Amino acid sequence: MADEPALVAPVLPWLAAPLARALETQTAHALLLHAPGGVGQFELGLLLAQGWLCESTTTPVTKRPCGVCASCRLVAAHSHPDMLVLVPEALRESLGWAAEDVEEGGAERSGKKKPSKDIRVEEVRAAIALALTTASRGRGKAIVIHPAERMNPIAANAFLKTLEEPAGSARFVLCTSAPDALLPTIRSRCQAIALALPPAEVAGAWLRQQGIAEPDVLLAGCGGQPQEVLALAQLGVDAAAWRALPGQVAAGDVSSLRGWPLPLAVETLQKLCHDAASVAVGAGPRYFGSASLPRGVVGLGPLLRWAAELRRVAEFAEHPWNAELALESLVEQGREALQTPRSPRRRGEIDSLHSRR
Ligand SMILES: [Zn+2]
């Protein structure tokens, strides 16, 4: 095991085939990798960039970067002079791409400002400047942008110019889970690669290797997106905690959601609301097991009002406000919605709710 190949990111089992396909067939100077969140488009983008820069002369770089050559080692050490990774300051730590790896755009990083959630124009300009210089090594340049939709409008426009007039030997890979949020002119100038959700067995097996017990429970909870399961696990949420959650919300108990990032807590309550509403109209739940949902006492009207409030808060959930208070109020509303007795005229009530909307 002494010679573990130096790869910049793990080749997630469901990414091996898309990686090989992209390395073999994609020649465009800009690729757009899009996939639902938590599927690994950032990892794939990094590996593609590493593959483009790989200098192996013995292994043809068609399946994956060799992980052995000098270039691969530099990429894995985050110090390749011809590679740049643009991620918003606020995400660098969680993506394992810490601030000191990025030279540009950190002028006011000295603690007085919150880390930016955007990819800013000065960072994009640094990437363009890199693209315009001669490559230090022999394989051109590679620039990874993730999540691409976080380029703010000025940054996106600056970047568009580079796509219109390709700069020398630079290649770009844009990763996104929201391609519609990109400028249409950026989308149309990139070659698109869509990544599907991994099959549940593959994702489940991988999660088990990561130490997740009963991965199917959390995988369903995360809409089949395996990296989101790891994010939940990092918050201490296991399958049992996930199963217990609906009952706790129905009892007005906010404790298990405390300490979660507000956007994730709101999204989770939205999933619960969705499932309760599905069950109320006779369909199956999607994110929680039937057995863990409050039994047979759910009316649709309060659920729809709860859903509307969740949507409203979700829009602002990333803004700095009193998360604790917002969460308590949402859970209180959830408690009421989940305990509302079902009306005997349920079907008629549902119809009238639909026609009024
Ligand atoms: Zn290599």
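The values are calculated or read from the model by the stated rules, or taken from the named source; none is laboratory data. Computed from a predicted structure; not experimentally measured. Heads up, the Cβs are rebuilt from the backbone with ideal geometry, glycines too, and the neighbour counts pull from every protein chain shown. Keep in mind that these areas ignore ligands, DNA and RNA; they rest on the heavy atoms of the full protein, side chains included. Shrake-Rupley method; radii C 1.70, N 1.55, O 1.52, S 1.80 Å.
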Filter region 52-89 for residues that are part of a loop (DSSP other than H, G, I, E, B), within 11 Å of the ligand (Cβ to nearest atom) and touching a helix residue (DSSP H, G or I) at 6+ places or on another chain (Cβ under 7 Å) and give the result.
C54, E55, V61, R64, P65, C66, H80
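Looking only at helices (runs of 4 or more DSSP H) that lie completely in region 141-217, which have at least 3 residues being open to solvent by less than 60 Å² (accessible area, probe 1.4 Å)?
On the way: elements: 153-164, 184-189, 200-209.
Those helices (runs of 4 or more DSSP H) span 153-164, 200-209.
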Looking at A2, A35, A6, A49, can you tell me which residue is more than 10 Å from the ligand (Cβ to nearest atom), at pLDDT below 95 and open to solvent by less than 40 Å² (accessible area, probe 1.4 Å)?
A35
Please work out which one of (1) over 30 Å from D118 (Cβ atoms); (2) under 25 Å from the mean Cα position of the chain (by Cα) is the condition V313 fails and give its number.
(1)
Under 7 Å between Cβ atoms, at least 6 apart or on separate chains: pull out the pairs that start in region 63-75 with a residue that is under 17 Å from K141 (Cβ atoms) and end on any residue that is in a helix (DSSP H, G or I) and near the ligand (Cβ under 6 Å from one of its atoms).
P65/C72
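Answer yes if at least one residue in region 53-69 is acidic (D, E) and open to solvent by 40 Å² or more (accessible area, probe 1.4 Å), and no otherwise.
Looking only at region 53-69, we keep the residues that are acidic (D, E), and these are 55.
From what is left, the residues that are open to solvent by 40 Å² or more (accessible area, probe 1.4 Å) are 55.
Checked region 53-69: at least one residue is acidic (D, E) and open to solvent by 40 Å² or more (accessible area, probe 1.4 Å).
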